[in-house]
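The values are calculated or read from the model by the stated rules, or taken from the named source; none is laboratory data. These numbers come from a predicted model, not from an experiment. As a convention, Cβ positions derive from the backbone with ideal geometry for all residues, glycine included, and neighbour counts pool all protein chains shown. Only protein heavy atoms, including side chains, enter the accessible area calculation; ligands, DNA and RNA are left aside. Shrake-Rupley method; radii C 1.70, N 1.55, O 1.52, S 1.80 Å.
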Amino acid sequence: MSSDALERWLASDVHDPSDFPKSASALRDLDASLRCNICGELYNAPVTLTCGHCFCSVCVREAIQVKAECPTCRKQTNESHIRSNPQIEAAVDGWKSSRALVLRLCLEEETRHNAPPFTTKAAAESRKKRKLSPDSASNSTTPEVSAGRTDGSTSSSQEVTVIDSEELVDCPMCTKRVQMKRINTHIDSGCRSPLRSDDERPRSKGAQKNAWSKILDRKGKGKERDDDWTPVPKASYQVLKDKQVKDLLIDQQLPTTGDRNAWIARHQRWVLIWNANLDQQPKQRKTISELRIELKRWEETRSKAKKAPEVDSAAAYEIANKAQFDRLIAAARPKKSGKIPRQSVHSPDDDYSSTKENDVIVLD
Amino acid sequence: MAAIASRRLAKELKEIHTQGCPVGIQLLSADNFEEWHLSLEVMGESQYQGEVFALKFRFESQYPISAPAVQFIVNERYTSPVHPHVYSNGHICASILGNEWSPVLSVIGVCVTLQSMLASCKKKERPPDNDRYVRHAPDNPKQTRFHYHDDTV
């Protein structure tokens, strides 16, 4: 990307707290406080961890996959600690729809403030400005975002001190409540076994949903859609056979192209974006087909990134990496003549012993 | 490059342009979202008074989930600072660039940390295994598994 294109792109749609002038530092703070510290965007499906730090659901789920700690305070955490935060979501919605207006008013105020004392010349200028303002107003049309409904029904986790075998516990994989005595069979089955003893005969998801909606019929509307919005459990892929992994994808109506690793990556990503989508208010949620498109795009960028280091021209590659080749050849020569260099870092044994004295190992 | 990575970098760049960098840090080049160069100078009294260094950041498409590859630039113009955690080829042994990386960190955040790492240095010396490491070092410091053993400097 050329530097020009970069500048243009910067100017176009990347919003940031620094859009607000220095004089409105409180607004900068407000804008910053409604942004995810991982992606820098206004929160999308905000979730809170037990330490209280808030992130976009997708961002924090990705981060936890890499390292199970809060990105801000490093407190240990896992996916079952993620709680959606409808209050922040509502605040973000409100701010999204008013930000452009507030920013415009703020910049107008700034120019008025900086204008010289009122003279005829200044008056003429300000008239000009007034003429300009309808233009700028039309540029900054506020996006139509309806404020999300908040029902304040965040689930609160309860402390369980003594765990009885009949007691329900959170499954570490799918975060569903499972009886303690059944947790092992539940996990072994890839989180598919019935959750409770009175659930002996496996019921279809739909039947389960109906049963629940009878009990918890809080909001009738929006339920008519055929999308079945229940969290999808993570799977312990390493204990599953190829066919079982494939079945996971078929269950979710996902394509089964590629090899086992591709299936796992696809299913993992699907579970991530699906569950992150559930952290949003129902009105804001993406539809299943939107999620499918998102998954497809993700796979495309991923395969592109993988292909990047492909060698186009062997000759050019040789020239570009000549230094490295020369070094490797020079390093290999003494070995050939029978003398093994004292400080070889390539044998695993040596690596192990070297960790004590030195602070590096080179990965081959 | 994933959309998230370039958007996040665009935001960081915008912030640098509007707010400026902290004292002693300057943006040398950021023409794309793959590689940025910044200059680094330790302000006030320190072992590195009057020296200016340059840092090279390389970003992967998983940024900021994955850490950027950061090293000091070593060429005709710049050298690598003589420091117990910095190798003569510019590679840095700092936990925040490896297993302690957090996606909430930023380019400027890394620069400030490295600045304070240099500022708190008591004695200018190379890591004990410098020669050995430099001989076999991979091009990308992220391929090295450093052992972080010393948090005093």
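I need the shape label for the stretch A:13-114. Rule: rounded when a/c is under 1.5, else prolate if a/b > b/c, else oblate, with a, b, c from the alpha carbon gyration tensor. Taking the square roots of the gyration eigenvalues as a ≥ b ≥ c, the stretch A:13-114 is prolate. Given the Cα-Cα distance of residue A:185 and residue A:75 and 0.36 nm per residue of separation, how much length would full extension add, in nm? Extra length available between residue A:185 and residue A:75 comes to 36.6 nm.
Gyration tensor over the Cα atoms of the stretch A:235-307: the corresponding equivalent ellipsoid has semi-axes (square roots of 5 times the eigenvalues, largest first) of 22, 16, 10 Å. Averaged over peptide B:117-129, the number of partner chain Cβ atoms lying within 10 Å of each residue's Cβ comes to 1.
May I ask you to list the residues of the stretch B:53-71 whose amide nitrogen lies under 20 Å from a point 7 Å from Cα along the Cα→beta-carbon direction of residue B:37? Answer for this model: B:53-60, B:68-71.
Measuring against 27 Å, Cα to Cα, the residue pairs A:75/A:181; A:22/B:56; A:96/B:14 contain A:75/A:181; A:22/B:56 as the ones spanning a longer distance. The residue A:304 and residue A:167 beta-carbon pair, evaluated with R₀ = 45 Å, returns a calculated FRET efficiency of approximately 0.40. Taking only the Cα atoms of the stretch B:4-139, the radius of gyration and Dmax are 14.6, 43 Å.
Taking Cα atoms only, the orientation of helix B:3-19 departs from the longest principal axis of chain B by about 80 degrees.
As a fraction of the 1.4 Å probe accessible area of chain B, surface on carbon and sulfur atoms comes out at 48 percent.
Between residue B:116 and residue B:89, residue separation times 0.36 nm minus the direct Cα-Cα distance comes to 7.7 nm. Could you compute the FRET efficiency for residue A:325 and residue A:262, with r as their C-beta to C-beta distance and R0 at 41 Å, rounded to 0.05? Between residue A:325 and residue A:262 the formula returns 0.80.
Against chain B, whose longest principal axis comes from its Cα atoms, helix B:107-119 is set at around 20 degrees.
Peptide A:71-78 is shielded by partner chain Cβ atoms: per residue, an average of 2 of them sit within 10 Å of its Cβ. Spin-label model, residue A:333 to residue B:29: label points 7 Å out along the Cα-to-beta-carbon direction sit 3.3 nm apart. Within 10 Å of the Cβ of each residue in B:136-146, the mean number of Cβ atoms contributed by other protein chains is 4. A 1.4 Å probe run over the protein chains yields, for the stretch A:43-119, 49 Å² of accessible area per residue, whole-number rounding. Restriction of the trypsin sites (Lys or Arg not before Pro) in the stretch B:10-85 to DSSP coil positions whose beta-carbon has at most 16 other beta-carbons within 10 angstrom yields B:77. Stretching the chain fully between residue A:51 and residue A:177 yields a gain of 43.1 nm (0.36 nm per residue, less the alpha carbon separation). Mind giving me the FRET efficiency for residue A:246 and residue B:17? R0 is 51 Å, r the Cβ-Cβ distance, nearest 0.05 is fine. Computed FRET efficiency for residue A:246 and residue B:17: 0.55. If you sort A:53, B:136, A:186, A:113 by accessible surface, 1.4 Å probe, largest first, the order is A:113, A:53, B:136, A:186.
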